[in-house]
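To keep things clear, I will list the structure first and then write my remarks on it.
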Amino acid sequence: MLWHIRLLTLVLLLAFLVPNVASSSSVKAAPESDVRINFVARVSAVSNFPVAVRIGDIITGYFAYDGLTPDSDDRPEIGHYLQSAPQHGIWVSVNGTTFGTDVFDLDVAVGVQDNAFDDADRFGISSRNNLPLLPGYGLLGRGGPGIWWNLEDIEGDVLQGIGLPAAAPNLTSWSHPRQLTIFYGDRFISPFPSMVLLHADIVAVTSTTLGGRDFTVTRNGTSHTWAEEVGQLGYELVDVSGRLKGQAPFWDGMNGPHPFGTVTPSCHVLRVLLAYEAPRTTDMLCSLNGTGGGHVSPPQTSLTVSADGHAIVRWVPPTDVMVREYRLFAFPMDGSPVRMQQLAWNGTSAFDQTGGTPTCYQVAVWTSDDRYGFNDALCGFPGTGNLDTRRP
């Protein structure tokens, strides 16, 4: 299948035309003791979970803590940091459902272990009292299930002390398990909680929020969403398509090369108004309208990227066909080879690491009778914005 060749001309052109939406005179946020760490995880096991979740689905979330919290454990190899402010805790989102720490009944602890017990290093956060997954859904009259986020290095080579980290850890330094667990039970440092609802493997961490506070482009570029947060006074969706003055031809490789027409990228940034600071902008997102096609209706697709190069692609399955599989195509704009992930028939999301390179994505659906369809390409430009997302 060579249909994806049509993108290469435009993505290479876009790489030279990306506007610099960040201002060199931008105001930096004042240093703060609050630390926010965002993460992406992929579901590896699920049981009795009240929300529709499948193995392979993508979970996003973040946790926050006070980096100046005193250690409540007197052992030199263990740090135990109890949190007390309502902005500190852990929150996760999966398939449209978000839940996490109950800020009115806080029981949150950050743990750091340097060569403790079996000489392993560990870093994690637990939240005992959480909001229900769904209204009225609990266990034996309790609220939501416990959340445990944990990194471990069995060699004990990562940490050099038990102080609280001031930024996101380097995930590649930690051996397995790197896991998010949602469960009912009384023990948070237990490999055997009473009832495990979900396990997920942590695949990415960052100190910046995905997409500049979850700025997302959906479908054909006509829909954008983002997460509003405390301290942000207002938002302005800015069309920067006019800065990309070039147009590029496309070819439909399915039936042999022939002119497909011209496409002008539809590109936007989100301008965020902040109290006592200059406005900031998110990373740029684009839709290449007219690049989709095939024989069946394509999945409705959305894209979120981060300044650190993480990309999450989500889609709504088509309802008029029997799906055999999905494939995610990633088109780096630096001319490097196209990446392809083959995904299960019941998948609804995928994760990709861009390495900071502007990248375009298409999701293709293959049906049981060997027909296919693919969406208009969506493109993310990590690092082009200047929105400071370190604060919770």
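The values are calculated or read from the model by the stated rules, or taken from the named source; none is laboratory data. Everything quoted here is computed from the prediction, not taken from an experiment. Ideal geometry is used to build each Cβ from the backbone, glycine not excepted, and the neighbour counts take in all protein chains shown.
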note = Within region 99-121, the count of residues that are more than 26 Å from the chain's Cα centre (by Cα), in a strand (DSSP E or B) and not charged (D, E, K, R) comes to 4
note = If you go through Tyr81, Tyr137, the only one that is modelled with pLDDT of 90 or more and over 23 Å from Glu155 (Cα atoms) is Tyr81
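Here's the yes/no breakdown for (1) of a type in the set (A, V, I, L, M); (2) in a strand (DSSP E or B):
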{"site": "Leu328", "(1), (2)": "yes, yes"}
{"site": "Ser336", "(1), (2)": "no, no"}
{"site": "Thr357", "(1), (2)": "no, no"}
{"site": "Gln362", "(1), (2)": "no, yes"}
{"site": "Asn386", "(1), (2)": "no, no"}
request  = Among what's in region 341-368 and is over 19 Å from the mean Cα position of the chain (by Cα) and among the aliphatic types (A, V, I, L, M), pick the residue that is farthest from Cys286 (Cα to Cα).
outcome  = Ala344
task = State all residues of region 331-345 that are surrounded by fewer than 21 Cβ atoms within 10 Å (Cβ to Cβ) and more than 11 Å from Val365 (Cα to Cα); if no residue qualifies, say none.
result = Pro332, Asp334, Gly335, Ser336, Pro337, Val338, Arg339, Met340, Gln341
message = Among the residues of region 370-380, are any surrounded by fewer than 17 Cβ atoms within 10 Å (Cβ to Cβ), touching a residue at least 24 places away in the same chain (Cβ under 8 Å) and of a type in the set (S, T, N, Q)?
response = no
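Can you report the number of residues in region 297-323 which are within 24 Å of Thr225 (Cβ to Cβ) and free of Cβ contacts under 8 Å to residues at least 40 places away in the same chain? Walk me through how you get there before you give the answer.
Taking region 297-323 first, the residues within 24 Å of Thr225 (Cβ to Cβ) are 297-319.
Filter once more, keeping what is free of Cβ contacts under 8 Å to residues at least 40 places away in the same chain: 316, 319.
Final tally of qualifying residues: 2.
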query = List pairs: first in region 324-339 and farther than 24 Å from Ser368 by Cα, second of a type outside the set (A, V, I, L, M) and in a loop (DSSP other than H, G, I, E, B), Cβ under 7 Å, 6+ apart or cross-chain?
reply = Pro332/Thr357; Met333/Thr357; Met333/Pro358; Asp334/Thr357
